[in-house]
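Below is one structure, written out as structure tokens; the observations come after it.
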Amino acid sequence: MDSTERSFKCQQCGTCCRWFGHVLLTESDIARLAAAAGLSEETFISRYTALAANRSQLSLADGPDGSCILLKDGICALYEARPAQCRDFPHGWRVAEGCPALESRDKTGAV
């Protein structure tokens, strides 16, 4: 475990949910999200996903304002079931700016 993993505590601000890009979904992500939403996988896929730019995977669709379709009132509606890519933040990817947890950690150098 590196220092970022030890010091990062998500504040659920939703900044990463408003950042440009795709949230690529695995089969287990779809199953977990559909169950959390109380939907069949087929219904979840039709309501909440789109074909990713790589044309070989599904990704979460964008909401009307371009943010993640699961972002409701500033927080993830299915946070506990969020996709692996979201769970991997900020270890596998990170936003350039705006995440208060990262900015606070970077300013203090906390580990």
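Of Ala61, Ala50, Ala34, all but one fail to be in contact with a Phe, Trp or Tyr (Cβ under 8 Å, 6 or more places away or on another chain), more than 20 Å from Phe89 (Cα to Cα) and either surrounded by 13 or more Cβ atoms within 10 Å (Cβ to Cβ) or not basic (Lys, Arg) (or both); the exception is Ala34. Here Trp19 meets the list (1) surrounded by 15 or more Cβ atoms within 10 Å (Cβ to Cβ); (2) under 15 Å from Ala81 (Cα atoms) almost entirely, failing just condition (2). For beta carbons closer than 8 Å, sequence separation of 6+ or different chains, a first residue in the stretch 74-92 that is among the aromatic types (Phe, Trp, Tyr) and a second that is crowded, with 19+ Cβ neighbours inside 10 Å and assigned to a helix (DSSP H, G or I), the qualifying pairs are Phe89/Cys16. Residues in the stretch 34-55 that are under 16 Å from the mean Cα position of the chain (by Cα) and at pLDDT below 95: Ala52 alone.
Once the stretch 68-81 is narrowed to residues that are of a type in the set (A, V, I, L, M, F, W, C) and part of a strand (DSSP E or B), the residue that is surrounded by the most Cβ atoms within 10 Å (Cβ to Cβ) is Cys68. Within the stretch 82-93, the residues that satisfy the criterion of being surrounded by 14 or more Cβ atoms within 10 Å (Cβ to Cβ) and in a loop (DSSP other than H, G, I, E, B) are Arg82, Pro83, Phe89, Pro90.
The residues of the stretch 8-67 that are assigned to a strand (DSSP E or B) and touching a residue at least 40 places away in the same chain (Cβ under 8 Å) amount to a single one, Leu24.
The values are calculated or read from the model by the stated rules, or taken from the named source; none is laboratory data. Keep in mind the model is a prediction, meaning the values are calculated, not measured. Cβ sites come from the backbone with ideal geometry, for glycine too, and all protein chains shown count toward neighbours.
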